1. So what is the calculated 222 nm ellipticity per residue for the chain, using -39500 (n - 2.57) for each DSSP H run with n of 4 or more, over all residues, to the nearest 500 deg cm²/dmol?
2. Which of Leu179, Leu109, Leu12 moves most in a GNM of the chain, Cα contacts under 10 Å?
3. Find how much the distance from Ser48 to Lys98 grows on full extension, using 0.36 nm per residue of separation minus their present alpha carbon separation; answer in nm with one decimal.
4. Cβ under 10 Å from Ser113's Cβ, Ser113 left aside: what net charge do those residues give with Lys, Arg +1 and Asp, Glu -1?
5. Considering Cα pairs under 8 angstrom that are at least six residues apart, work out the relative contact order of the chain and quote it in whole percent.
6. Could you calculate the contour length gain from Asn139 to Leu107, that is, 0.36 nm times the residue separation minus the distance between their Cα atoms, to one decimal place in nm?
7. With θ set to phi - 60° and the Karplus curve 6.51 cos²θ - 1.76 cosθ + 1.60, what are the ³J(HN,Hα) couplings of segment 164-174 in order, to the nearest whole Hz, using x for Gly and Pro?
8. Can you give the relative contact order of segment 103-208 as a percent, counting alpha carbon pairs under 8 Å and 6+ residues apart?
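Just so it is clear, none of the values below were taken in a lab; they were calculated from the coordinates. Remember, it's a predicted structure, so these values are computed and weren't measured experimentally. Here the Cβ positions follow ideal geometry from the backbone for every residue, glycine too, while neighbour counts run over all protein chains shown.
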Amino acid sequence: MDNFLSSLSTALPNLNKSEKKVAAVILEDPEAATRSSIALLARRADVSEPSVNRFCKRFGATGFPDFKLRLARALVSGVRYVSSAVELEDTAAEFTPKIFNNSIHALSLVRDSLSDSTISRVVDQLVQARRIYFFGLGNSAAVALDAEYKFFRFNTPVSSHQDTLMQRMLAAASGVGDLFFLISHTGRTRSLIETAALARSNGAMVVSMTA
């Protein structure tokens, strides 16, 4: 993974015209590329969005989001917080720093892939909301519940739900001013996607968070 940027540079002579444009934009400012949308990157490179997707797949990514994640990992690979697996024979002195360093490494990846404009837009929506719902399933339900506890400190009514039927009922009864914050590790949970569409059709705001 730490050779990812090098592989982009060395591949330049073998790329077609559109791919070279995309590579040039990425190599010029890799950090900005990790925060860019596919539409913005395509516009900066003066190519189509499908061309960007084909470029990403050429380098082993499943698509643009996966490519950005690989790029973000490459950018932080030089830091001293290296992800290390805890071994069965590790002593407390060995596994304790590993656990902390793994968490720091993960947070670094997230930090470097965040979009300031997206965060600002979400904050504005949260401030404007008359009521906030946090939805999650499985492990994500715990994240939704934690968010509910934290948002109780504010004056906006907030609740979390992990039952799919209740989620759908609340979305069906929603309206302008309601905000649904959906949490999914994969981003492909069908029931949450359908709930989001239902809430949006009623004029509610929808925010999603995924790995």
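1. -18500 deg cm²/dmol
2. Result for the chain, Cα springs under 10 Å: Leu12 fluctuates most.
3. My answer for the length gained is 13.7 nm.
4. Value of the local net charge: +2.
5. 15 percent
6. 9.7 nm
7. 5, 5, 5, 4, 5, 5, 5, 5, 5, 9, 7
8. 28 percent
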